[in-house]
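Reading through the structure tokens given below for one structure.
Read-outs throughout are calculated quantities, based only on the coordinates presented, and are distinct from any laboratory measurement. Not measured: the values here are computed from a predicted model.
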């Protein structure tokens, strides 16, 4: 699994003008599911998402996690993150999980996140979504499990 995480002041996801999920300060996470991904990898990724230290402490150093600040977690499926872009002028999606498997793992990740963190919102798998955010920093990292 790949997760592009962005520290945000606030973020929301819309489909056809309807807001599906919104958070205040926290992490917007774009999730790409690959063929070899599993529940174990999703669990490992979630562990890192909740504990990854990207928020400032009292000295202004990135030393606090999402859990530490009680921030929101907005999970958005993003098929294009699984693209192979190493060559050519068009991305290849051969490493992406098939849609049924990708959706199942994304849904599993969302369910596990809701069990472990109080503020979790999400998009809709496979939908044409609009993401609105105020990036904080900007601070952006690519995590792979």
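Among the listed values (1) 1.31; (2) 1.02; (3) 1.40, the one computed from these coordinates for Cα Rg over 2.2 N^0.38 Å is (2). For region 10-75, what does the alpha-carbon gyration tensor say about shape, rounded, prolate or oblate, given a ≥ b ≥ c as the root eigenvalues, a/c under 1.5 as rounded, and a/b over b/c as prolate? Since a/c reaches 1.5 but b/c is at least a/b, the shape of region 10-75 is classed as oblate.
Here the contact order of region 2-137, divided by its residue count and restricted to Cα pairs under 8 Å and six or more residues apart, works out to 36 percent. Tell me the angle of helix 99-116 to the major Cα principal axis of the chain, expressed in degrees between 0 and 90 and rounded to the nearest ten. Taking Cα atoms only, the helix is inclined about 20 degrees. Between 133, 109, 89, the residue with the greatest mean-square fluctuation in the GNM of the chain (Cα pairs under 10 Å linked by springs) is 89. What is the helix-to-structure angle for 39-51, meaning the angle in degrees between its Cα long axis and the longest Cα principal axis of the chain, kept from 0 to 90 and rounded to the nearest 10? It is inclined by approximately 30 degrees.
As a check on your grasp of the helix formula, calculate [θ] at 222 nm for the chain: sum -39500 (n - 2.57) over DSSP H runs of n ≥ 4, divide by the residue count, round to the nearest 500. Let's see the in-between values first.
Values: 3 runs with 35 residues, N = 145.
When only DSSP H runs of four or more count, the value is -7500 deg cm²/dmol.
The slack in the chain from residue 131 to residue 94, taken as 0.36 nm per residue of separation less the alpha-carbon distance, amounts to 10.8 nm. Region 98-145 and region 1-70 have Cα centres separated by 7 Å.
Give the percent of DSSP beta bridges with both residues in the chain that are antiparallel, rounded to the nearest 5. Percentage antiparallel, nearest 5: 75.
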